[in-house]
Amino acid sequence: MEELSRSRALSGNHSTRLSRSVPLSPPNLLTLAVVLASFFGGAQCIRLANRIPDPAAGFPDQPSRTAVFALGSFWRSEAVFGCLDGVVRTAVGYAGGSKPNPEYRSLRDHAECVQVEYDPRLISYRQLLDVFWSSHDSRQVLGQGPDVGNQYRSIIFTNGTEESRLAALSKEREQSKSKSSVVTTQIQHLETFYHAEPEHQKFELKQKPLILQLMGNLPEDELQKSSLAAKLNSFAAELCPPHIQKQIDAKIGDIIRKSWPLLRNV
Ligand SMILES: *[C@@H]1O[C@H](CO)[C@@H](O)[C@H](O)[C@H]1NC(C)=O
């Protein structure tokens, strides 16, 4: 009740309403969830902040798969994959080294990487590899741009012979594009993917308090599992395709202009 009246009191003040600390009443959350969900297209997408639908759940015989890539800073890597059709979830972490339970400040021989959970009926491993190659410079030695060091090296982590085969083929193809320098990307069997600390998950999205608020300020564990958050993390980094960037931008503008839609019905 207190939250509701605070929301009402705020309805005449746009700038205050956009601050991160304003609590959302459940009806607001519902509307926002519907509005945001309608954008990402699926009828099954109407979602409440506390109920994350799992697109793979309805098809137990077709479980989602995971792929792990290292391509520089994992803040950006997560945003590279989050907006792709068929990507269900993303997470950042560490792999490729020998130190058990690495942490950001003591990675040792691990690399920063992204774990991509995907629906193989909607996107193939081969397509993910294409995105991997086109999203970083595989010929820079131990780094990406100004991020230099062992933790930023380029790696395709494979799990199974089919992934190894596809990875090796794609690397050959990439090398054949130019012989003037060497593709430094390693192909490694994935031993263990260690999740990174919470503050590194959905990092780009966390720089945008407004979007977090529009999603209902989800608690950390829900944010990490959310497909919507994976998409909006890409949006925040401006790594969605241009037409999707525009679409989401327009929708956010709409919500701001019209104020909280469901308040009118309370
Ligand atoms: C490798 O794939 C299998 C399923 O094919 C999965 O159960 C296993 O957890 C994966 N390994 C790693 C390290 O992710």
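Contact map, the range 199-219: residues that are closer than 14 Å to Ile256 by Cβ paired with residues that are of a type in the set (A, V, I, L, M) and part of a loop (DSSP other than H, G, I, E, B), Cβ distance under 6 Å, separation 6+ or inter-chain. Pairs shown: Leu210/Leu18.
Okay, residues lined up against (1) surrounded by 13 or more Cβ atoms within 10 Å (Cβ to Cβ); (2) within 30 Å of Arg139 (Cβ to Cβ); (3) in contact with a His (Cβ under 7 Å, 6 or more places away or on another chain); (4) not assigned by TED's automatic domain parsing to the domain that holds Arg257:
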site	(1), (2), (3), (4)
Leu190	yes, yes, no, yes
Gln207	yes, yes, no, no
Ala229	yes, no, no, no
Ala236	yes, yes, no, no
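Listed conditions (1) modelled with pLDDT of 95 or more; (2) crowded, with 16+ Cβ neighbours inside 10 Å are all met by Leu32, apart from (1).
Given the criteria away from the ligand (no atom under 16 Å from the Cβ) and loosely packed, with under 15 Cβ neighbours inside 10 Å, does Val131 qualify? When the stated conditions are applied, Val131 does not pass them. When the range 147-173 is filtered for residues that are in contact (Cβ under 8 Å) with a residue 12 or more places away in the chain, of a type outside the set (Ser, Thr, Tyr) and away from the ligand (no atom under 16 Å from the Cβ), the ones remaining, listed by number, are Asp147, Asn150, Gln151, Arg153, Ala168, Lys171. Ser176 - would you say it is within 16 Å of the ligand (Cβ to nearest atom), assigned by TED's automatic domain parsing to the domain that holds Phe69 and surrounded by fewer than 18 Cβ atoms within 10 Å (Cβ to Cβ)? For Ser176, the condition - within 16 Å of the ligand (Cβ to nearest atom), assigned by TED's automatic domain parsing to the domain that holds Phe69 and surrounded by fewer than 18 Cβ atoms within 10 Å (Cβ to Cβ) - is not met.
The values are calculated or read from the model by the stated rules, or taken from the named source; none is laboratory data. Everything numeric here is computed off the predicted structure, so don't read it as measured data. As a convention, Cβ positions derive from the backbone with ideal geometry for all residues, glycine included, and neighbour counts pool all protein chains shown.
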